1. For the structure I just gave you, tell me whether residue 42 is under 28 Å from the mean Cα position of the chain (by Cα), of a type in the set (Val, Ile, Thr), assigned to a helix (DSSP H, G or I) and modelled with pLDDT of 65 or more.
2. Return yes when residue 95 is of a type outside the set (Phe, Trp, Tyr) and open to solvent by less than 20 Å² (accessible area, probe 1.4 Å) and no when it is not.
3. Against the condition in contact with a Leu (Cβ under 8 Å, 6 or more places away or on another chain) and over 25 Å from residue 77 (Cα atoms), how does residue 191 come out, does it pass?
4. Open to solvent by 40 Å² or more (accessible area, probe 1.4 Å) and in contact with an Asp or Glu (Cβ under 9 Å, 6 or more places away or on another chain), is that true of residue 110?
5. So for the range 128-136 (the condition being among the polar types (S, T, N, Q) and under 24 Å from residue 199 (Cβ atoms)), does at least one residue qualify?
6. Just to be sure, is residue 175 buried (at least 20 other Cβ atoms within 10 Å of the Cβ) and without any contact (Cβ under 8 Å) to a residue 60 or more places away in the chain?
7. What do you reckon, is residue 122 in a helix (DSSP H, G or I) and modelled with pLDDT of 95 or more?
8. Go through the range 66-105 and give me each residue that's in a helix (DSSP H, G or I), modelled with pLDDT of 90 or more and not β-branched (Val, Ile, Thr).
Amino acid sequence: MQKDHASRNRAQDRETEDPSERNRPIPLIVAAITLAVVIFGVAYILFSEPFGEADLGDRRTVADLQAPVAGASAAAADGKQVFTANCAACHQATGKGLPGVFPPLDGSEWVNGDERTMANILLHGINGELTVMGSTFKGAMPSFKQLSDAELAAVASYVRGEWSNKSGAIKSELFAAERKADTRMTPFNGEAEVRAITAKAP
């Protein structure tokens with residue numbers, strides 16, 4: 001009998017206590033750290049400069065971020081910047097293009113020729129075959145009519161006077177006039193359609 005009682009006691013000793021629910025508050029050290037971080041954050045916001053140092057960050061003015069006004073002079077737009085953003089990927093920064101793929105602008109008869117022709121190519125784009133400096137290119141140039149007349153005049157003037165090109169600048173008024181004169185919605189189909197522009201009265 002005593003053996004049975006002793007074995008039961010040993011068995012009970014091996015068992016764990018039944019779980020119980022009780023409140024376990026956040027340790028004081030954690031609460032203190034959290035409070036200190038909150039106080040530091042509030043103090044930093046209250047005592048720091050609203051926008052940091054004026055000498056750092058974006059220095060552009062509101063005028064720099066506004067879109068060019070239609071009819072503005074070509075001088076108001078940066079032709080090289082417009083070229084870099086819209087043309088250099090195909091025609092390259094050197095204006096040499098890519099042989100057999102994208103035609104060159106440096107020395108091109110299309111660039112240095114009739115101003116109206118170049119204006120219309122920029123406004124409407126061109127698909128199909130185009131012969132430049134004795135080489136034939138077959139591709140697609142998109143329309144850039146989404147650019148303002150000032151931007152188009154600036155980039156056209158930049159290209160006509162850059163590298164070995166020595167042609168004169170083009171005024172934004174020409175782009176405004178050609179934009180109104182031809183409201184076509186599709187690119188020119190080959191160079192024949194483009195050459196027909198010069199045969200028309202301005």
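1. Details: under 28 Å from the mean Cα position of the chain (by Cα): no; of a type in the set (Val, Ile, Thr): yes; assigned to a helix (DSSP H, G or I): yes; modelled with pLDDT of 65 or more: yes.
Judged against the criteria, residue 42 is not a match.
2. On the way: of a type outside the set (Phe, Trp, Tyr): yes; open to solvent by less than 20 Å² (accessible area, probe 1.4 Å): yes.
So residue 95 passes the test.
3. Working: in contact with a Leu (Cβ under 8 Å, 6 or more places away or on another chain): yes; over 25 Å from residue 77 (Cα atoms): yes.
Yes, satisfied.
4. Details: open to solvent by 40 Å² or more (accessible area, probe 1.4 Å): no; in contact with an Asp or Glu (Cβ under 9 Å, 6 or more places away or on another chain): yes.
Taking the combined requirement at face value, the residue does not satisfy it.
5. Keep residues of the range 128-136 that are among the polar types (S, T, N, Q), which gives 131, 135-136.
Going one step further and asking which of them are under 24 Å from residue 199 (Cβ atoms), we end up with 131, 136.
Yes, the range 128-136 has at least one match.
6. Numbers: buried (at least 20 other Cβ atoms within 10 Å of the Cβ): yes; without any contact (Cβ under 8 Å) to a residue 60 or more places away in the chain: yes.
It is true that residue 175 is buried (at least 20 other Cβ atoms within 10 Å of the Cβ) and without any contact (Cβ under 8 Å) to a residue 60 or more places away in the chain.
7. Working: in a helix (DSSP H, G or I): yes; modelled with pLDDT of 95 or more: yes.
For residue 122, the condition - in a helix (DSSP H, G or I) and modelled with pLDDT of 95 or more - is met.
8. Applying the first criterion (in a helix (DSSP H, G or I)) to the range 66-105 yields 74-76, 79-86, 88-91.
Then drop every residue that is not modelled with pLDDT of 90 or more, which leaves 79-86, 88-91.
Matches in the range 66-105: 79, 80, 81, 83, 85, 86, 88, 89, 90, 91.
The values are calculated or read from the model by the stated rules, or taken from the named source; none is laboratory data. This one's a predicted model, so the numbers in the text were calculated from it and none came from an experiment. Neighbour counts run over all protein chains shown; Cβ positions are idealised from the backbone, glycine included. To get the accessible areas, we keep the full protein, side chains included, count just its heavy atoms, and leave off ligands, DNA and RNA. Shrake-Rupley method; radii C 1.70, N 1.55, O 1.52, S 1.80 Å.
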